[in-house]
Structures are given as C-alpha cells and as structure tokens.
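The values are calculated or read from the model by the stated rules, or taken from the named source; none is laboratory data. Because the structure is predicted, anything quoted here is derived from the model rather than measured. Positions of Cβ are generated from backbone atoms using ideal geometry, with glycine treated the same way; all protein chains shown enter the neighbour counts.
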Amino acid sequence: MPRQLIAGNWKMNGLSVAGTRLAGALREAVATAPPPCDLLVCPPFTLVGRLAHVLLGSGVAVGGQDCHAEAAGAHTGDVSAPMLRDAGATAVILGHSERRAGHGETDGQVRAKAAAALAAGLAPIVCVGETLAEREAGRQEAVVAAQLAGSLPDGFAVAGAVAYEPVWAIGTGKTPTETEIAAMHAMIRRTLAARFGTAGESVRILYGGSVKPSNAKAILALPEVGGALVGGASLVAEDFLAIAAAARA
Ligand code: PGA
C-alpha cells in the first residue's frame, strides 16, 4: 500500500499574501518534522504557479481543483490539464460535489477530465459521494458505484486516487460513523479491484468531509482509508499539519 495522502482543498480561498504565508508555514514545518504521509495542497488556479515555486523541493506537492477535458482551445475561463502541469501541479481534484452541483458536471465529463489529467501527467483525484437523501434512502452504495463506473477512465489506476466525500459531510462538521466509512471504502476497493485488477488494489481511497485534527486519527486508521481530502481545516497550517501527523505511518 502507498503512503497515505493528505490533500488540502483550498476551494475559492486564498489571496497571494495569505496563500504564500500558509504554504511557507507548511514548508517550514515539514522540513523540521516530516509527516508520515504524502502532502498535497490544491489552491485556486491563481496560486498554483506561485505555490509550486514556494513549495519546490519541500516534498509538499501542488494540485489544481478542476481542469478542462481539452488540452487547449476556445474555452473562455477554463484551464487545461497541460496548463496545470506547466504551472507546477502534479495532481488535480476532479468531480468535487461542489462542481457536480454548482456546474452540473456529469460523470461523463469527469471521466473525460480525468483522462485529460492522466494524459498530461497529472494524478486525478476523482470525488464521489452520496447526498443525505440518497443515504436516507439506503442508496449510498448504488450511487457511489454508479459514479465510479461513469467517472473513472481506463488506465485510471496507474496514477489516480478516489476521494469518497459524502455531500452531507462537506463543510457541515458531520461525518459518517467509522463503520459507515469502512463499509463504503470496502465497496470502493472491491469496485476498483474488479475493474482494474491488481492495479486497483493500490489506488488510494481518500475520505473527505469535515476531517479535522480531532477525528483524523480514527478515520485514518480505518481499513482501506488511504488518506484524507481536507477542506476547511487545510486553510489553517496547524490543523492541516495535525491531520498529516495523524496519518498511519
Ligand atoms: P471540508 O471539505 O473538509 O471543509 O468538509 C472537504 C471537501 O470539500 O473536499
């Protein structure tokens, strides 16, 4: 199994001074106390290049939060996977529920974006997760299985990661029980292994949704949890570092 990955999703937060300061704090901290995991920060597009520069050689990788499925062309306002790679990113979050809900992104679009990321040398982190209504109806596993089937391109297991993020746990302070997380991660592992064979057995499956220093250790200790995708707590250096320190060694 690869080391756990703790990835920070800054969402639409971070101007240059504060973002550079946060990245600098991470750089200093990992230099003195290397965490037992891989670290990734995903700032807004505007800071990808700057953070790649600040974090160069630190061991903290930089990623995007979305990319277009095409490499270049007439797509006003969009950013392509080769552009992210060119700016210094090595990964990209795709299909986050805020993009699925706010921009109507479909599984097919996420799949095309993930294929573009792989082609550009970026590691796609594909997000899946059910809504509260879907969980209350007992449909969570069917929903996530359908998202996986539709959102993961062929060849995904070579470099990709999956993030299980129940929509109702994002930014709410609520999390599923440990049993619920373990059950979903086991289902995702079975699905990946069935589709991608042995390569699917080492794909990291991150948990995301209200991960914080107080719950990180218990979540990261669960079987098949390969790391965490952290939103709000990734904006505070000491919280993000405390979550990283809680990773399974
Ligand atoms: P949260 O966000 O940690 O603030 O709940 C997680 C995410 O949306 O990736």
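Below is a table of values for the structure above.
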| item | result |
| --- | --- |
| Looking only at the stretch 15-29, and only at residues there that are touching a residue at least 60 places away in the same chain (Cβ under 8 Å) and crowded, with 17+ Cβ neighbours inside 10 Å, the one that is farthest from the ligand (Cβ to nearest atom) | 29 |
| Residue list for the stretch 127-148, restricted to those being over 23 Å from residue 204 (Cα atoms) and free of Cβ contacts under 8 Å to residues at least 24 places away in the same chain | 133, 134, 136, 137, 138, 139 |
| Enumeration of residues in the stretch 212-247 that are among the basic types (Lys, Arg) and either within 14 Å of the ligand (Cβ to nearest atom) or modelled with pLDDT under 95 (or both) | 212 |
| Of all residues making up the stretch 105-160, the number that are crowded, with 24+ Cβ neighbours inside 10 Å and hydrophobic (A, V, I, L, M, F, W, C) | 10 |
| Candidate set from the stretch 161-199 (those that are surrounded by 14 or more Cβ atoms within 10 Å (Cβ to Cβ) and of a type in the set (S, T, N, Q)); member that is nearest to the ligand (Cβ to nearest atom) | 175 |
| Test: residue 209 is in contact (Cβ under 8 Å) with a residue 24 or more places away in the chain, more than 16 Å from the ligand (Cβ to nearest atom) and within 16 Å of the chain's Cα centre (by Cα) | no |
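Here's the yes/no breakdown for (1) away from the ligand (no atom under 16 Å from the Cβ); (2) buried (at least 17 other Cβ atoms within 10 Å of the Cβ); (3) more than 21 Å from residue 16 (Cβ to Cβ):
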position: 52; (1), (2), (3): yes, yes, no
position: 57; (1), (2), (3): yes, no, no
position: 66; (1), (2), (3): no, yes, no
position: 73; (1), (2), (3): yes, no, yes
position: 79; (1), (2), (3): yes, yes, no
position: 83; (1), (2), (3): yes, yes, no
position: 91; (1), (2), (3): no, yes, yes
position: 98; (1), (2), (3): no, yes, yes
